[in-house]
Amino acid sequence: MKILKRSLLIVLCLVLVSTFFASCKSGGGDSSDVEVEISTADINFVDADGEAVYRIVRADGDEELSSHASTIIKAIKSKFNVSTKNVTDAEEKGDFAEIVLGESNREVTKKAKQLLNTETNGRMDDFVICSIGNDIAIYGGSLEATIAAIKYFADTYITCTI
């Protein structure tokens, strides 16, 4: 049963690779607003001044995701030698670009959740990584799926960028 489940997960990951980075246009939130396939070349983790572009955001009081946010922070530090902040969604959005982890009060979380439900029928083991405006949402159907998405994002989209 474990082999079948893992095989199914691998196949699902391959199928969903094209939807991991999706961009939602402004306006309504139905599935017709989804654009698929954003290249890692479209993501800049460092600005022209050599500062981190993104800050990491998680739900206020979610210490579990706080510890996993360090996976992304360390990957950015290792790859680009810049430090990024790890904050809660209790802080106002402001003009910062954000990488939002899991359930939060940010609008990108709502859109990512909707995208996950649309693309995977809301299965608990699935996750979505999507670019919405200037922000990136990493959202899973469960805590374990969100943690897997964080690791996948760090391994695939940070360490593999050019």
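The values are calculated or read from the model by the stated rules, or taken from the named source; none is laboratory data. Not measured: the values here are computed from a predicted model. Every residue, glycine as well, gets a Cβ built from its backbone with ideal geometry; the counts of neighbours run over all protein chains shown. Just the protein is used for accessible areas: all its heavy atoms, side chains included, with ligands, DNA and RNA removed. Shrake-Rupley method; radii C 1.70, N 1.55, O 1.52, S 1.80 Å.
Give just the number: which of (1) assigned to a strand (DSSP E or B); (2) touching a residue at least 40 places away in the same chain (Cβ under 8 Å) does Tyr157 not satisfy?
The single condition Tyr157 does not satisfy is (1).
Within the stretch 143-154, can one find any residue that is assigned to a helix (DSSP H, G or I), open to solvent by less than 20 Å² (accessible area, probe 1.4 Å), in contact with a Leu (Cβ under 8 Å, 6 or more places away or on another chain) and not charged (D, E, K, R)?
Yes - at least one qualifying residue is present in the stretch 143-154.
Go through (1) within 12 Å of the chain's Cα centre (by Cα); (2) assigned to a helix (DSSP H, G or I); (3) not acidic (Asp, Glu) for Val100 and report which single condition fails.
Only one criterion is unmet by Val100, namely (2).
Mind listing just one residue for me: the one in the stretch 58-74 that is small (Gly, Ala, Ser) and closer than 22 Å to Asp47 by Cα and, of those, most open to solvent (accessible area, probe 1.4 Å)?
For the stretch 58-74, the residue satisfying everything is Ser70.
Those residues that are surrounded by fewer than 20 Cβ atoms within 10 Å (Cβ to Cβ) and modelled with pLDDT of 90 or more, I need them from the stretch 113-130; list them, please.
Within the stretch 113-130, Lys113, Gln114 qualify.
Can you name every residue in the stretch 95-112 that is charged (D, E, K, R) and open to solvent by 80 Å² or more (accessible area, probe 1.4 Å)?
Within the stretch 95-112, Asp95, Glu103, Glu107, Lys110 meet the criteria.
Does at least one position in the stretch 98-119 carry a residue that is in contact with a Leu (Cβ under 8 Å, 6 or more places away or on another chain), of a type outside the set (A, V, I, L, M) and more than 24 Å from Val46 (Cα to Cα)?
Scanning the stretch 98-119 turns up at least one residue that is in contact with a Leu (Cβ under 8 Å, 6 or more places away or on another chain), of a type outside the set (A, V, I, L, M) and more than 24 Å from Val46 (Cα to Cα).
Working only within the stretch 78-90, note down all residues that are outside any helix (DSSP H, G or I) and either in contact with a strand residue (DSSP E or B) (Cβ under 8 Å, 6 or more places away or on another chain) or more than 18 Å from Asp135 (Cβ to Cβ) (or both).
Asn81, Val82, Ser83, Thr84, Lys85, Asn86, Val87, Thr88, Asp89
What residue, among those in the stretch 75-94 that are over 15 Å from Glu51 (Cβ atoms) and touching a residue at least 40 places away in the same chain (Cβ under 8 Å), is surrounded by the fewest Cβ atoms within 10 Å (Cβ to Cβ)?
Out of the qualifying residues, it is Ser78.
Quick one: would you say Ala97 is within 20 Å of Gly50 (Cα to Cα) and among the small types (Gly, Ala, Ser)?
Yes.
Quick check on the stretch 41-49. Is at least one of its residues modelled with pLDDT under 85, open to solvent by 40 Å² or more (accessible area, probe 1.4 Å) and more than 20 Å from Thr159 (Cα to Cα)?
Yes, that holds for at least one residue.
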